[in-house]
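Readers should treat all values here as calculations from the given coordinates under stated rules, not as data from a laboratory. Note that the structure is a prediction, hence the values are computed from the model and not measured. A quick note on method: Cβ atoms are made from the backbone with ideal geometry, for glycine too, and the neighbour counts reach across all protein chains shown.
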Amino acid sequence: MFRLFKRIVRTEAIFAFACLIFTIGQVWLELKIPDYMTDITRLIQTDGSTMTEIIKTGGWMLLCALLSLICAVIVGYISATLSSKFSYKVRNRIFSKVERFGLNEIKTFSTSSLITRTTNDVSQIEMFIAMGLSGMLRSPVMAVMAISKILNKGLEWTTLVALEVAFLLTVIIILMCLVVPKFKIMQKLIDRVNGVTRENLTGIRVIRAFNAEKYQLNRFEKENNKLTKTQMFNQKVLSLIGPTMNIVMHSLMLGIYIIGAILINKAGMMDKINLFSNMIVFSSYGMQVIMSFMMLSIIFMMWPRVSVSAGRINEILDTESSIVEGTFSGKTEEVGVVEFKNVSFKYPDADEYILKDISFKAEKGETVAFIGSTGSGKSTLINLVPRFYDVTEGTVYVDGVDVKEYKEEALYNKLGYVSQKAFMFTGTVKDNVSFGKINKRKATTDEIKKAVKIAQGKDFVEEMDKQYNAHIARGGTNISGGQKQRLSIARAIARNPEIYIFDDSFSALDYKTDSILRKELKKYTKDATSLIVAQRIGTIINADKIIVLDKGECVGIGTHKELLKNCEVYKEIALSQLSKEELENAA
């Protein structure tokens, strides 16, 4: 928890110090009120006292109460401001940290867990800070000042307060030891409930199509029951603090008056007035001490969950990305050249290699295609170019420079990437297509229309309401899979990069649209390099170079005609899709 504070709090330290000063002022003023009450009691019992003296003392008491209220408002304002700024900074730090993660780190934390850590965990800490600055600072200050006030008021009463406080702290420590482990479990259970809920909402169509609502409900109930039972245990344990506080407060008051009655009964007439006055003051200060520890107990109730939340946030902030950014951002002599030299790759937690000793070179203006059976490593291979993963062995070069030496921005500015699963952002058609130039000069309307036209999306876009300003839902749920793919391709075209990467980006298109799109794309990207992963022979049949993968190994490199003659794996794939006559005439 304190490590997280140290990470984030810098300029706010002066405001926290101001909060402490105003808290001390507030407590001092509050503790002056019983002193004036004592003075008023003595004035009433003293012969010759005037009403003017009593009213004057009462006026000072009211002034202290007013100033204490002003200090409390200032402390509340500062604590609310600091807690909000703190949570703002923490959320930003988490988001920016996750943005720099490689895919390996992303997989370490589930999506639902990252969402919970960014929202629920941060909110827990924000609430704790808001209450802590106004309560956690006030409580020890109040306890110390109140105890200093009563130390000389009577050994018997002081001993009673010490015993009550010791009993209260013992109970709180025992309860905290019981709930802290459960709070750690509870936050993980919240992750799992969020995970099941998110999965259910994402896959709602499949769930309904297979009549799996009951199965999903049982899954949710199972996780929800675990979370509920854990929460109930914690709440039952922590609910003991309230009754304990009541017992302590009432027993303290009763004890003070019992001890006071005994002392007054044994004292002489002159001492009885002083003892009675001390008893009134002691009861006020004693209650202030107990109320201080009561406030601390509320903070202690929040502390276990907050400490767990802080630990979960620190897990993210402590995680270093396996992708270390390089320093190169200069211009290169070569343009649009991609080269793999003896590249092998395996996932960090895997024993077997996904890719083994891959070598090839894509020159400027060439179209290089990758084909192979499912699981042969096609997508993994091209994901090494934008450094979603780093190679285990060998080197990947872009324009003659190792991709590990590039600054990320410099590398990505050379690439136009179309993912295997087309993804749309919430916004408009225009927003999604121009997203490709978000860090460059803003795309013009003509550039957006041209990119959509090349990607064969003009017809369906201009049929939509508001056309290029038509709304696109998150994930593109209001358009078809083929439409999403075409807009994803348009996004890459609008970027106008040196190198295009198409990761099975034509699979949702019909054959006619696929053929027209590739012809138009070839015209537009004749000076750019294209790396294409595909399952269809028709998509890559005219590629300048086709690389055939089988179980992570390169088993053939050449043109369509060359591979039909020299590569059995390619021939088998081709014959499974087209007849022998179609293959002979295709190219």
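If R0 equals 51 Å, the separation of the Cβ atoms of Tyr347 and Phe15 corresponds to a calculated FRET efficiency of about 0.65.
For the stretch 213-224, backbone phi angles converted through the Karplus equation (6.51, -1.76, 1.60; θ = phi - 60°) give residue-by-residue couplings of 4, 5, 4, 5, 5, 5, 4, 5, 4, 4, 5, 5 Hz, Gly and Pro being listed as x. Between Asn413 and Asp459, the distance separating the two model label sites (each 7 Å from Cα on the Cα→Cβ line) works out to 3.9 nm. Amide H to amide H, with H built 1.01 Å from N, Tyr406 comes under 5 Å of Gly326, Phe328, counting only residues 5 or more places away or on other chains. Measuring between their Cα centroids, the stretch 192-222 and the stretch 326-367 lie 40 Å from each other. Straight-line cross-link partners of Lys356 among the aspartates and glutamates, defined as a Cα under 16 Å from its Cα and at least 8 positions apart when in the same chain: Glu339, Asp390, Glu393, Asp550, Glu553.
Diffusion of the chain by Stokes-Einstein, at 4 °C in a medium of 1.567 mPa s and with Rh set to the Kirkwood radius over alpha-carbon pairs, works out to 43 µm²/s.
Computed from phi, the 3J(HN,Hα) profile of the stretch 242-254 under the Karplus parametrisation 6.51, -1.76, 1.60 (θ = phi - 60°) reads x, x, 4, 4, 4, 4, 5, 5, 5, 5, 5, 4, 4 Hz, with x in place of Gly and Pro.
Were the residues from Ser123 through Gln467 laid out at 0.36 nm apart, the gain over their Cα-Cα distance would be 119.8 nm. The string of couplings for the stretch 417-422 from the Karplus curve (6.51, -1.76, 1.60, θ = phi - 60°) is 9, 10, 6, 4, 9, 4 Hz, one whole number per residue in order, with x for Gly and Pro.
Could you tell me the calculated FRET efficiency between Ile262 and Lys107, based on Cβ-Cβ distance and R0 = 56 angstrom, to the nearest 0.05?
Working: r = 71 Å, r/R0 = 1.27.
The formula returns an efficiency of 0.20 here.
Here's how it looks for Phe370: its modeled amide H is under 5 Å from those of Ile532, Val533, Ala534, Ile547, which are all 5 or more places away or on a different chain. What's log10 of I(q)/I(0) for the stretch 422-496 at q = 0.13, 0.24, 0.25 Å⁻¹, Debye sum over Cα points only, no solvent? Debye output, listed in q order: -0.29, -1.07, -1.17. Ranked by how many other Cβ atoms sit within 10 Å of their own Cβ, fewest first, the residues Ser505, Ser87 fall in the order Ser87, Ser505.
The separation of the stretch 79-134 from the stretch 525-544, counted between C-alpha centres, amounts to 43 Å. Taking amide H as placed 1.01 Å from N in the peptide plane, the amide H of Ile472 sits under 5 Å from that of Gly427, Thr428, Val429, each at least 5 places away or on another chain.
How big, in percent, is the set of alpha carbon pairs in the stretch 332-405 lying more than 15 Å apart?
So the pairs more than 15 Å apart make up 55 percent of the total in the stretch 332-405.
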